[in-house]
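J.: Please read through the structure below; I'll follow up with questions.
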Amino acid sequence: MTYDIIIVGGGIQGVATAYELAKRGAGKILLLEKTFLTGGSTGSCAAGIRAQFGSPFNVKLMARSLEIFENMAKELECDNDYLELWQGGYLVLAYSEAEFEGLKRNVEVQHTYGLKTNVLSVEEVKKAFPRVNVEGVYGATYHDRDGHADPFHVTFAYAEAGKRLGVEIREWTPVDTLLTENGKITGVRLQDGSSVYAERVLVCAGAWTTSLLKTVGIDLPLWGEKHEILITEPWERLLGPMVISFSRGYYIQQRPHGSFIMGIPPEDPRHWYRPDEFDFSSSIDFLLRMSSEATNVLPFLKGVNVVRQWAGLYEMTPDHHHAIGPLEDISGLWVAAGGSGHGFMFGPVMAEQLSKWMMGEPMDIDLRPLSPDRFKKGALVIEPAVVG
Ligand SMILES: Cc1cc2nc3c(=O)[nH]c(=O)nc-3n(C[C@H](O)[C@H](O)[C@H](O)COP(=O)(O)OP(=O)(O)OC[C@H]3O[C@@H](n4cnc5c(N)ncnc54)[C@H](O)[C@@H]3O)c2cc1C
């Protein structure tokens, strides 16, 4: 079978890009997913969405991504409640004077792009968020349009909208090898030995991207990093914003149905260059560190029971930015991966801009600085506001 574009990977990135490409009339699109839609990092994530970044590039992208999330139900023709978009803001706490100064610098960047982020003194935090323990806190920033959504439903809504536009989605269909001829992509070989053909292939395989690119001799510095996360029983609404600290690494949110979801990075992160060997086990170490941090910041959590914990992969790059765009060495081969712990929130805007790029339309936000070849050229793009 021959298609115009084959997309590998059924996480937020692949599915949203399939929809955006179909919307722009990209022709016959096939999306291949080795397990089920959201079966990779998208289905393990906290789905936090924030525009509180520090690099102008990320702020600009996330300002647009917020707009997309805010209009998503209409765009994808689904119910707003289905997407579970909760805009209770992100409260970013600073635990040193230097950290607070850094956050204030980020806010200046955010103001440049029209975001109304507030800088809060400790007194203001206490007044606005009395349940937050401010011991050791020097100040905070708060942006009320930040929040979170349901990563499964957002991805499924894109998939359904894509299918209505003719996108073909095949789950449980692992790609084994990318196929090339004379420096050009020609398609992919599936694990069952059959092949499908296209002049353009977009790899959105998250932490598995590196393994696939290796099949055509491309070495991308992108790896999986194990992160654990937990969810509690549902409680009455006690927490509006996502409470987060970049220096201590934790994030804590309350879902619309009342459960708390929270995570904290490992002290000694393990890197997985071959994610198929990934160890998804949960650790007591994470449970203890997370509970201790969470009940310190939000003491009311002391009586809440944990119901489940799990682990997933951040798909990391050396500068914590995506690798997105065409590969110079193989014509027709594109990649969109490497969200580095923020790939869910960036998914919609990356999909929108990447589809314009692939269709030869002008991008509103120029993604070319994030081209995957930047690593071998040493042209990294630095972001100061990251967890872990
Ligand atoms: C614990 C945790 C918390 C997180 N919290 C947040 C957060 O709050 N906000 C946020 O924005 N991000 C968060 N992230 C990061 C986010 O989950 C990812 O950045 C994002 O989901 C990446 O999406 P993706 O589509 O690029 O990759 P994935 O969701 O990993 O999708 C890639 C897909 O490709 C498939 N695939 C792989 N190899 C093949 C193959 N050979 N053939 C066919 N299919 C293949 C996989 O099965 C997978 O479904 C978190 C991640 C974790 C682990």
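J.: Between Asp219 and Leu287, what is the spin-label point distance in nm, taking each point 7 Å from the Cα along the Cα→C-beta axis?
T.: Label-label distance for Asp219 and Leu287, simple model: 4.1 nm.
J.: OK, next. Just report the Cα centroid separation between the range 207-265 and the range 289-307, whole Å.
T.: 17 Å
J.: Per 10 Å bin from zero, what fraction in whole % of the C-alpha pairs of the range 221-371 is there, up to the bin with the longest pair?
T.: Calculated P(r), rounded to whole percents: 10, 32, 28, 20, 8, 1.
J.: Moving to a separate point now. Would you kindly state how much longer the chain becomes between Glu328 and Leu165 on full extension, computed as 0.36 nm times their sequence separation minus their alpha carbon distance, in nm to one decimal? Walk me through the intermediate numbers first.
T.: Details: separation 163, 0.36 × 163 = 58.68 nm, distance 3.02 nm.
Here the segment from Glu328 to Leu165 would lengthen by 55.7 nm.
J.: Leaving out ligands, DNA and RNA, and with a 1.4 Å probe, what % of the accessible surface on the chain is carbon or sulfur?
T.: Working: 7910 of 15640 Å².
That share works out to 51 percent.
J.: If you bin the C-alpha pair distances of the range 1-139 every 5 Å from 0, what whole percents do you get?
T.: 2, 8, 13, 15, 16, 14, 11, 8, 6, 4, 2, 1, 0
J.: Ordered by residue, what ³J(HN,Hα) values in Hz, to whole numbers, does the range 73-79 give under the Karplus form 6.51 cos²θ - 1.76 cosθ + 1.60, where θ = phi - 60° and Gly and Pro are x?
T.: Once θ is set to phi - 60°, the couplings for the range 73-79 become 4, 5, 4, 9, 6, 9, 7 Hz.
J.: So which residue, out of Leu32, Leu76, Leu313, gets the largest mean-square fluctuation from a GNM of the chain using Cα contacts under 10 Å as springs?
T.: Highest fluctuation among the options: Leu76.
J.: Something else: Counting heavy atoms of the protein chains only and a 1.4 Å probe, report the per residue accessible area for the range 99-231 as a whole number of Å².
T.: Accessible area per residue: 46 Å².
J.: Also, quick follow-up: Add +1 for every Lys or Arg and -1 for every Asp or Glu among the other residues with Cβ under 13 Å from the Cβ of Trp357, and state the total.
T.: Computed value for this residue: -1.
J.: Here's a follow-up. Once the piece of chain linking Lys302 and Asn71 is laid out straight, how much longer is it, given 0.36 nm per residue of separation minus the C-alpha distance between them? If you can, show how the numbers build up before the last one.
T.: Numbers: separation 231, 0.36 × 231 = 83.16 nm, distance 3.68 nm.
Difference between extended and current length: 79.5 nm.
J.: Counting only the heavy atoms of the protein chains, how much of His271 is accessible to a 1.4 Å probe, in Å² to the nearest 10?
T.: Taking all protein chains as shown, His271 has close to 90 Å².
J.: Quickly estimate the mean residue ellipticity at 222 nm for the chain, helices only: each DSSP H run with n ≥ 4 gives -39500 (n - 2.57), and the total goes over all residues, rounded to 500.
T.: -8500 deg cm²/dmol
J.: Follow-up question, since we're still on this one. Taking the full set of protein chains and a 1.4 angstrom probe, give the accessible area of Ser331 in square angstrom, rounded to the nearest 10.
T.: Approximately 60 Å² for this residue.
J.: In 20 Å bins starting at zero, report the fraction of Cα pairs in the chain per bin as a rounded %.
T.: Calculated over all Cα pairs of the chain, the distribution is 29, 58, 13, 0 percent.
The values are calculated or read from the model by the stated rules, or taken from the named source; none is laboratory data. Just so you know, these numbers come straight off a predicted model, no measurement behind them. Positions of Cβ are backbone-derived with ideal geometry, glycine not excepted, and every protein chain shown enters the neighbour counts. Each accessible area value is taken on the protein alone, full model and side chains, heavy atoms only, with ligands, DNA and RNA left out. Shrake-Rupley method; radii C 1.70, N 1.55, O 1.52, S 1.80 Å.
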